[in-house]
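Have a look at the structure below, then the notes.
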Amino acid sequence: ATKCSSSERWQLFDVANSMVSERRLKVTSALKTALDKGEFSLYMQPQVNLSTGKVHGAEGLLRWEHPELGQVPPDEFIPIAESSGMIYSVTEWVIEQGLHYQKQIVELYPNHILSLNISGKDLAKRELTVQLITLINEFNLNPRQIILEITESVTIGKEANLKEVVDDYRRIGIKVAIDDFGTGYSSLAYLSQLGFDELKIDKQFVMDIESSRTNQTICKATCDMAHSLGSKVVAEGIESLASYTRLQGFGCDFGQGYFISRPLGFDEYLVWLNKATRADDVKHHLIR
Ligand code: C2E
Ligand code: MG
Ligand code: MG
Ligand code: MG
């Protein structure tokens, strides 16, 4: 192979960089019209109660299908929406759609729990609280069946008003979950004074739990600590029966992951619910 001179390397770097910013520009401009064009949908990923084997509820996950860009993953467009001032309208849409779905679901399954991801940028917005209360009342929902997921990184460095915001939601009855736990640097001591209802173990610790003793220790310790602080634990990224069973053994409360089900479109999710709620244990229902 021919050696690349330093200036050639910089040229390659520039090319790569300009491709990245070109993509970013495309995504940013496409994002501006995505809501109006109805390109978003809210998928539902089932969550199971690991101790009873029964359906617990679902996490709403945003999907964006653009005619030219195709499926753009939320890990790509959410940060762009956040930095370009568009996230609030996205969050509003997710809440509206999510609570609409929840209203239809609880008519059939009254105990169904819905979790929604909320950007840290929006959590403290007064309008968001108002929108939630308005819809909860209008749809006659139980706020205790609504969980707002905030990523662990959001909780760092904004100590001052974050606790008030979290307190406000919990006063209304809405629950708060710490998402992607283990990926940030917050201490459990700090998180516990913040007050939360649920800790979600990040999938990086769960996906390969069978081959990593370290991850087994992390998951077990997280379950024990969260429980002694009085909160529930959710494991995301359960991809096999072996990890399902192991987390069950750790006393992990709820689980979600490809082993149970991939995120599903709303109609598909209703079909899944219909089958899964009839099974005495979702785990057995899954083994084909
Ligand atoms: P998250 O909230 O931690 O969601 C879990 C992610 O793990 C989802 O990716 C889900 O599809 C994926 N997942 C679930 N089970 C498995 C599994 O068994 N194996 C593997 N490999 N992955 C699994 P997704 O849907 O691409 O979402 C990525 C992130 O984007 C979410 O992470 C969340 O932070 C963000 N996001 C998604 N929807 C929304 C939304 O409506 N609002 C906001 N603000 N953020 C969202
Ligand atoms: Mg989440
Ligand atoms: Mg997560
Ligand atoms: Mg995540």
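Points worth noting:
- Tensor-based shape of the range 84-206 (alpha-carbon gyration tensor, a/c under 1.5 rounded, otherwise prolate or oblate): prolate
- Packing-based order for 84-93, 250-259, using average beta carbon neighbours within 10 Å, highest first: 250-259, 84-93
- Members of 103/125; 54/200; 125/163 lying beyond 21 Å, as alpha-carbon distances in this model show: 103/125
- Estimated at 0.36 nm per residue, the fully extended path between residue 280 and residue 9 surpasses their Cα-Cα distance by 91.5 nm.
- Rg and Dmax of the range 143-288, both derived from C-alpha coordinates alone, stand at 16.2, 51 Å.
- Rounded to the nearest 20 debye, the dipole size of the chain about its Cα centre is 380 debye, using +1 on the Cβ of Lys and Arg and -1 on the Cβ of Asp and Glu.
- Radius of gyration and maximum dimension Dmax of the chain, Cα, Å: 20.4, 69
- Label-zone membership for the range 248-269, site residue 210, 7 angstrom Cα→C-beta point, backbone N under 16 Å: 248-249, 257-261
- Here r is the Cβ-Cβ distance between residue 107 and residue 221 and R0 is 35 Å; the resulting FRET efficiency, rounded to 0.05, is 0.30.
- Ellipsoid fit via the Cα gyration tensor, the range 1-107: semi-axes of 39, 19, 11 Å, each the root of five times an eigenvalue, largest first.
- At R0 = 22 Å, FRET efficiency that the Cβ-Cβ distance of residue 142 and residue 51 yields, to 0.05: 0.55
- Principal-axis tilt of helix 74-83 within the chain, Cα atoms, nearest 10 degrees: 70
- All aspartates and glutamates inside 19 Å of residue 203 as judged from Cα atoms, apart from same-chain residues fewer than 8 positions distant: 59, 75, 76, 149, 152, 179, 180, 224, 236, 239, 253
- Mean separation of Cα contacts under 8 Å (6+ apart) over length of the chain, as relative contact order %: 20
- Angle between the chain longest axis and helix 213-228 axis [Cα atoms, degrees, rounded to 10]: 50
- Neighbour-count order for 24, 246, 144, fewest beta carbons within 10 angstrom listed first: 144, 24, 246
Bear in mind that the values in this text are calculations on the coordinates, not laboratory data. Keep in mind that this is a model prediction, so the values were computed, not measured. Using ideal geometry, Cβ is built from the backbone for each residue, glycine included, and neighbour counts are taken over all protein chains shown.
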